[in-house]
Amino acid sequence: MNNLLILLAQTKSEATIEIISLLVVAGIIGYVTAWLYTKSVYGKKLEAVESDKHELNNRIVNLDAEIFNLKKNLEEKNIEIIQLVMDCKAMVHVAQRKHLLNYESFGTATEAEKDDLRMISGIGLVNEASLNALDIYTFRQISKFTSQDIDAINDAIIYFSGRIERDQWVEQAIELEHRNDMRSDLFKRISERKSNIQYNRIGIAHKDEADDLTIISGIGGWIKEKLNALDIYTFRQISNFTEEDVKAVTEAIEYFPGRIERDEWILQAQELVRIAGNKSELLKRIRDRQGRIYFDRLGIAHRHEANNLTLIDGLGLWVEERLNLLGIYTFDQISKLTHEDIETITEVLEIIPGRIERDNWVGQARELAKNHLYHEAS
């Protein structure tokens, strides 16, 4: 009897262990099954959520960049608006000075007769707008300017004294006024002089490769046409000019001696080749760096207060244009440049290191500022 009870107890214990084991195995199988099911059902959803999260993070980064650029563009537009308002006020001020001019001397014209005055080297958008505000619209009018007319116009548009003569507006206007009559003979003469140009040195180019040569400060539409008549179409060709080439081109296009050197065509062309002709991108880079200039030290100046900075030896039209873009317009500002300012401006304008010191801009500007104040006082 006792043996039977012991056997039953052992059997019961083994059955319990077996049941428990089966339950544990079943639990494990159930857990694994549930885990695999969850992974199969929700794994892809989790991956999709993670992917969406990553994409959203990227969009946030991109939106932050867009917001930064929009704020930057807004600031630039605000500056442009302020400048436009100032320009409009300046044009109104110019228009109010018509009484200073002797229209009997050079004649009258209407807007309907308007010539593209920017064909004249030295006349840009601002100068053209100023002249138009004075009812000066045609090459015919400019071709008749006397020295008295030029003095009156300088006063009316607050332009640099001597700049109109130096840029030879009158001589260019005479050519442009009579260009239809003289064009065929002039361009025939220019074409006959191609043999004097060393194309093996400056390079050969064709019309379909043409750069916009008027991007070079000092080259207007008329000069561009004459250069094209010599088969000179590209910045690269001009960048390769030697002194001999400059002389040959000057004579061939019947241009003013010394003008190519003075306006630094070669240097400008070399820079335009370096930046692949993208002058607007260079000017944008310069404008973006304006905040690096310490105007609390140099002083604030505006376009209508501008001095003729090209009177500083070694500072040509191209550099003047970039300085103006930074808000540097006057001899007084340049006379206050410190060594730190010079290093900053050299980097910002992307000009040759040491050039400002070598040409003694600061010393020249001090003398010119004194003379300017003296003439104003007298």
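Laboratory data are not the source of any read-out in this text; all were calculated from the coordinates shown. Computed from a prediction, not measured in an experiment: that's the story for all the values here. Cβ coordinates were reconstructed from backbone atoms using ideal geometry, including for glycine residues, and neighbour counts include every protein chain displayed.
Take the conditions farther than 25 Å from Ile164 by Cα, free of Cβ contacts under 8 Å to residues at least 60 places away in the same chain and surrounded by 17 or more Cβ atoms within 10 Å (Cβ to Cβ) and apply them to Ile342. Does it pass? Before you say what the answer is, go through the steps one by one.
Values: farther than 25 Å from Ile164 by Cα: yes; free of Cβ contacts under 8 Å to residues at least 60 places away in the same chain: yes; surrounded by 17 or more Cβ atoms within 10 Å (Cβ to Cβ): yes.
The answer is yes for Ile342.
If I go through region 262-287 residue by residue, how many of them are among the acidic types (Asp, Glu) and more than 12 Å from Trp318 (Cα to Cα)? Working first, answer last.
Going residue by residue through region 262-287, those that are among the acidic types (Asp, Glu) are 263-264, 271, 281.
So of that shortlist, the ones also more than 12 Å from Trp318 (Cα to Cα) come out as 281.
Counting residues in region 262-287 that are among the acidic types (Asp, Glu) and more than 12 Å from Trp318 (Cα to Cα) gives 1.
Can you tell me which residues in region 233-252 are within 25 Å of the chain's Cα centre (by Cα) and either over 13 Å from Ile266 (Cα atoms) or without any contact (Cβ under 8 Å) to a residue 24 or more places away in the chain (or both)? Before the answer, list the steps.
Here is the first cut: in region 233-252, the residues within 25 Å of the chain's Cα centre (by Cα) are 233-241.
Matches in region 233-252: Tyr233 only.
Touching a residue at least 12 places away in the same chain (Cβ under 8 Å), more than 19 Å from Ile174 (Cα to Cα) and surrounded by fewer than 19 Cβ atoms within 10 Å (Cβ to Cβ): is that true of Asp116 in this structure? Full working, then the answer.
Working: touching a residue at least 12 places away in the same chain (Cβ under 8 Å): yes; more than 19 Å from Ile174 (Cα to Cα): no; surrounded by fewer than 19 Cβ atoms within 10 Å (Cβ to Cβ): yes.
Taking the combined requirement at face value, the residue does not satisfy it.
Restricting to region 271-295, give me the number of residues that are surrounded by 13 or more Cβ atoms within 10 Å (Cβ to Cβ), more than 16 Å from the chain's Cα centre (by Cα) and assigned to a helix (DSSP H, G or I).
Within region 271-295, residues that are surrounded by 13 or more Cβ atoms within 10 Å (Cβ to Cβ), more than 16 Å from the chain's Cα centre (by Cα) and assigned to a helix (DSSP H, G or I) number 1.
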